[in-house]
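The values are calculated or read from the model by the stated rules, or taken from the named source; none is laboratory data. Note that the structure is a prediction, hence the values are computed from the model and not measured. Using ideal geometry, Cβ is built from the backbone for each residue, glycine included, and neighbour counts are taken over all protein chains shown. SASA here: full protein model, heavy atoms, side chains in, ligands and nucleic acids out. Shrake-Rupley method; radii C 1.70, N 1.55, O 1.52, S 1.80 Å.
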Amino acid sequence: QVRVVESGGGLVQAGGSTRVSCAASGRTFRSYAMGWFRQAPGKEREFVAAINYRGDTTYYTDSAKGRFTISRDNTKNTVSLQMNNLTSDDTAVYFCAGARYGRVPTTIDEYDYWGQGTQVTVSS
C-alpha cells in the first residue's frame, strides 16, 4: 500500500512558477506509476501528468506540455510537478496519485491511492 501527502503550491502570479511535491510511504512506491491530477472549483478532476515507475517515461495533458515537468526520486519516495508560465486556468487543487498497474495511466479509475490535495492559486 502507498500513502501520499502533497505539499507546495500556494499563491503565485500569472506567468510565474511553482512546484508541488508528493511524499509517499511504503516499500512498493518504486513499483508504482505516479500521476498528478487537478480539480478547479465547479469542475471535474482532470489528468495533468504521469510518470512510469522507473521515471523514464512521462505523459502530459495538452495544456501542460511545454510548461509542466513531472519527475520522481525513487530513493526518496517523492514525486514532483514543476509548473512554469502559469495562468489563471491552472488554479486548482492538485492531487498526487499512485497506480499499481499501467505505464503512464491517465484516467482516475486507473489510480489506486490518492493524497488530500494541495491548492495552487494563480492571480492575474
Going by the structure shown, is residue 48 assigned to a strand (DSSP E or B) and touching a residue at least 60 places away in the same chain (Cβ under 8 Å)?
no
Of everything in the range 113-124 that's part of a loop (DSSP other than H, G, I, E, B) and within 14 Å of the chain's Cα centre (by Cα), which residue is surrounded by the most Cβ atoms within 10 Å (Cβ to Cβ)?
115
List the residue pairs whose Cβ atoms are under 6 Å apart, where the first residue sits in the range 81-102 and is more than 14 Å from residue 38 (Cβ to Cβ), the second is assigned to a loop (DSSP other than H, G, I, E, B) and among the small types (Gly, Ala, Ser), and the two are 6 or more positions apart or on different chains.
84/17
Quick one: which residue in 25, 31 is touching a Lys or Arg at 6+ places or on another chain (Cβ under 6 Å) and at pLDDT below 95?
25
Can you confirm whether residue 75 is in a strand (DSSP E or B) and hydroxyl-bearing (Ser, Thr, Tyr)?
no
Could we say that residue 58 is within 11 Å of the chain's Cα centre (by Cα) and either open to solvent by 60 Å² or more (accessible area, probe 1.4 Å) or of a type in the set (Ser, Thr, Tyr) (or both) here?
no
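Okay, residues lined up against (1) out of contact with any Ser or Thr (no Cβ under 9 Å at 6 or more places or on another chain); (2) open to solvent by 70 Å² or more (accessible area, probe 1.4 Å):
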residue: 46; (1), (2): no, yes
residue: 53; (1), (2): no, yes
residue: 69; (1), (2): no, yes
residue: 80; (1), (2): no, no
residue: 83; (1), (2): no, no
residue: 97; (1), (2): yes, no
residue: 107; (1), (2): yes, no
How many residues does the range 1-44 contain that are open to solvent by 50 Å² or more (accessible area, probe 1.4 Å) and outside any loop (DSSP other than H, G, I, E, B)?
11
